[in-house]
1. Computed FRET efficiency, Cβ-Cβ of Ile33 and Glu80, R0 30 Å: what is it to the nearest 0.05?
2. Give the calculated FRET efficiency between Leu22 and Ala132 to the nearest 0.05, with a Förster radius of 41 Å applied to their Cβ-Cβ distance.
3. Along the Cα→Cβ direction, 7 angstrom out, place labels at Glu161 and Thr147. What is the inter-label distance in nm?
4. For the ranges 142-152, 127-137, 18-28, what's the packing order if you count other beta-carbon atoms within 10 Å of each residue, average per peptide, and put the highest first?
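Nothing in this text is a laboratory measurement; each read-out follows from the coordinates by a stated rule. Only a predicted model underlies this, so the values are computations on that prediction, with no experimental measurement involved. Here the Cβ is made from the backbone with ideal geometry for all residues, glycine too, and neighbour counts use every protein chain on show.
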Amino acid sequence: MIRLSARKLPRALLSLIIVSLLALNISLFRSDIDITALASNASVPVAMDSTAVAGDVILPNGPAFSQTLSRPLFSPTRREFVVQEKPAQQQDKASVDKGAATVTRPAIAFQGTRTIEGERRALVRLDGSQAAEWLPVGTKIAGWTITKIGADNLTLTQKDETASYDLFAAGGSGQTAPGEVDE
């Protein structure tokens, strides 16, 4: 009789553990998860191009997450994303004097970088095109030449003019703010 119960004891314990884990899983599934403590500091949306604000969760070498935490993906009270309108930039007198020397930047979307066997390439999509291409330094895009590909930026030149694109620029277009074109 003792041998018989010694065999059944491990099976009974295993069955008990499985049943208790199943009950825990069901209770966690039915309970609401309170995320208000995470999103409490981010009640007002922050402009995408701003730096980290007080209360942001910041990872080393990573972005701030206040907007993400204020809009939890699976919450029934999830807020929709609100695009912040940028105020119209006033032109300074130097740009008004240039007048005729207006620089037209290529209409591209800078979407990523990679380095394979020491060669850095940029993932670039021309506006109006569906497909993006991995382009190395020296490639021409709409009359501009790729001169530098950084970890998170792209530099194009045309004669004496330079245009810079940031990977994580405001508005998601991949372009830097106006006024970054040098002559």
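1. 0.90
2. 0.30
3. In this crude spin-label approximation the distance works out to 1.3 nm.
4. In descending order of packing, they fall as 142-152, 127-137, 18-28.
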